[in-house]
């Protein structure tokens with residue numbers, strides 16, 4: 001328990017560090033955002049007033065602190081005129097959108113990647129294996145926007161089955177989720193295959209087979225269970241890929257999620273928006289990592305024993 | 001001193017994947033090298049009457065906004081995308097190897113500190129960090145390279161460190177030390193040649209990752225400066241007309257896929273050959 005508490009504490013610290021780091025980075029942006037916003041004819045008094053409103057006259061740690069304080073009290077607004085848009089409101093709209101997209105993509109990746117990897121391992125070296133792994137390399141190599149645009153043209157335009165952009169209907173999430181899931185499923189199937197091959201010759205798999213259990217039972221109950229830890233770890237790590245992939249895929253499909261919020265904030269020089277997005281992205285990513293560790297320890301007790309040391 | 005790449009033990013023939021990979025890489029390299037010959041018209045040539053035309057004999061990849069030739073853009077874009085990719089891999093490889101070797105050689109506190117930094121960077125999704133960095137610095141080649149290298153160097157550092165830790169105890173290094181060779185001489189003359197093989201494999205895998213990252217950043221408008229024809233930026237320009245002129249976005253997108261596929265195939269084959277377990 002103490003082990004997990006310490007890990008959770010570390011996660012929180014890392015997220016705060018990321019926020020501070022981003023504040024630091026934002027300060028490095030060439031040009032004064034207040035002056036740029038007001039244009040060339042601006043009076044220096046106006047610029048100074050705007051700088052004050054945007055917190056640009058404060059030292060960095062104070063900026064980061066003000067951000068966290070207002071975020072905590074729910075008062076945080078966009079840091080560009082007219083300073084009206086509530087950051088929490090935008091987050092409340094965007095986070096569920098990206099969450100839905102990421103979960104569906106992950107489900108899609110697992111549903112395609114795991115069976116494909118297990119099948120490849122069982123038929124290692126045969127035509128099925130070669131075809132599956134060739135497809136996997138292809139899916140890893142193709143950039144997400146190319147896959148997304150191809151899917152738009154195929155399913156959205158040619159066949160007309162699915163909506164191609166925005167979030168007007170509930171089916172609109174399917175194409176972006178599939179786009180995001182395909183690349184992940186390719187990686188997962190490769191890891192699954194390697195992991196299954198690794199345990200195939202192990203004693204407990206051999207003894208299960210020697211006892212005359214069905215091939216299905218040997219594969220899933222004995223081999224897959226012990227092969228699951230590296231697969232889970234990779235799946236957890238891949239979640240970072242889901243988050244970054246979401247930024248790209250949201251742009252392709254015009255999906256109003258966190259990635260879209262981040263990009264528009266960057267474009268508008270809305271520092272509070274950027275800070276908030278970075279904080280949410282980082283926290284989510286770290287939390288999923290923590291969760292992955294917990295699930296791995298639950299699936300395979302050996303993991304728990306070995307992570308006690310550090 | 002043993003050769004870095006132990007070819008004798010490997011299978012005598014290259015796999016089909018390796019040959020396909022090399023063919024794809026050569027094709028993209030030729031595209032970049034002979035861009036002026038391949039492009040039917042110079043990349044900046046405008047022809048307002050010929051906007052958004054589908055592929056034809058005069059324009060094999062069709063035309064885009066204001067009649068710019070897509071093939072010309074893709075060919076010159078190969079120079080930008082491959083150039084940025086190679087530069088990023090080279091810089092991150094150089095930096096990572098230096099850090100890894102130094103950490104292993106120095107040991108103790110320095111080694112610990114380097115490993116903590118590496119762990120943190122490994123734990124964070126690289127492209128996300130790259131998005132944050134380019135968001136801050138703005139679209140410029142220097143910022144793009146910095147963003148790409150920010151996490152890419154880590155894998156080289158880990159690899160170099162692990163290799164040096166084991167090489168350090170080998171007789172030829174101990175002998176060199178006993179003869180009074182300086183650490184720099186040992187690093188350059190004795191360690192680096194033995195590191196070269198694994199590092200090259202790592203770089204072969206690193207390159208497609210960097211090319212994809214550059215493409216994603218440029219597609220998001222955070223990569224190359226506006227007006228530079230990198231593949232990702234070209235896809236971005238074509239996206240608005242995906243429905244009425246899909247070739248403008250799809251050809252540069254396919255070029256990215258071809259290049260990364262080539263390096264992935266080659267990397268897989270190289271790793272299979274060098275992996276002593278097989």
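Read-outs throughout are calculated quantities, based only on the coordinates presented, and are distinct from any laboratory measurement. Only a predicted model underlies this, so the values are computations on that prediction, with no experimental measurement involved. All Cβ positions, glycine included, derive from the backbone under ideal geometry; neighbour counts span all protein chains shown.
Ranked by the mean number of other Cβ atoms within 10 Å per residue, highest first, peptides A:201-207, B:133-139, A:129-135 order as B:133-139, A:129-135, A:201-207. Between B:20, B:41, B:117, which gets the highest mean-square fluctuation from a Gaussian network model of chain B, Cα cutoff 10 Å? Residue with maximal mean-square fluctuation among B:20, B:41, B:117: B:117.
Principal-axis analysis of the Cα atoms of chain A puts helix A:2-28 at an angle of about 40° to the longest axis. Principal-axis analysis of the Cα atoms of chain B puts helix B:108-123 at an angle of about 30° to the longest axis.
Considering only the Cα atoms of the protein assembly as shown, their convex hull presents on average a projected area of 32.8 nm².
Kindly identify region A:101-143 as rounded, prolate or oblate by the Cα gyration tensor criterion: order the square roots of the eigenvalues as a ≥ b ≥ c, call it rounded if a/c is under 1.5, otherwise compare a/b with b/c, prolate if a/b is larger, else oblate. Note, shape of region A:101-143 comes out oblate. Here the sum of -39500 (n - 2.57) over DSSP H runs of 4 or more residues, divided by the residues of chain B, equals -23000 deg cm²/dmol at 222 nm, to the nearest 500.
Comparing mean-square fluctuations of B:144, B:243, B:199 from a GNM of chain B with C-alpha springs under 10 Å, the top value falls on B:243. Relative to one another, the C-alpha centroids of region A:140-187 and region B:189-226 are positioned 27 Å apart. Helical content alone sets the calculated 222 nm signal of chain A at -24500 deg cm²/dmol, taking -39,500 (n - 2.57) per DSSP H segment of four or more residues and averaging over every residue. With an a/c value of 1.5 or above and a/b not larger than b/c for the gyration tensor axes a ≥ b ≥ c computed over the alpha-carbon atoms, region A:96-306 is described as oblate.
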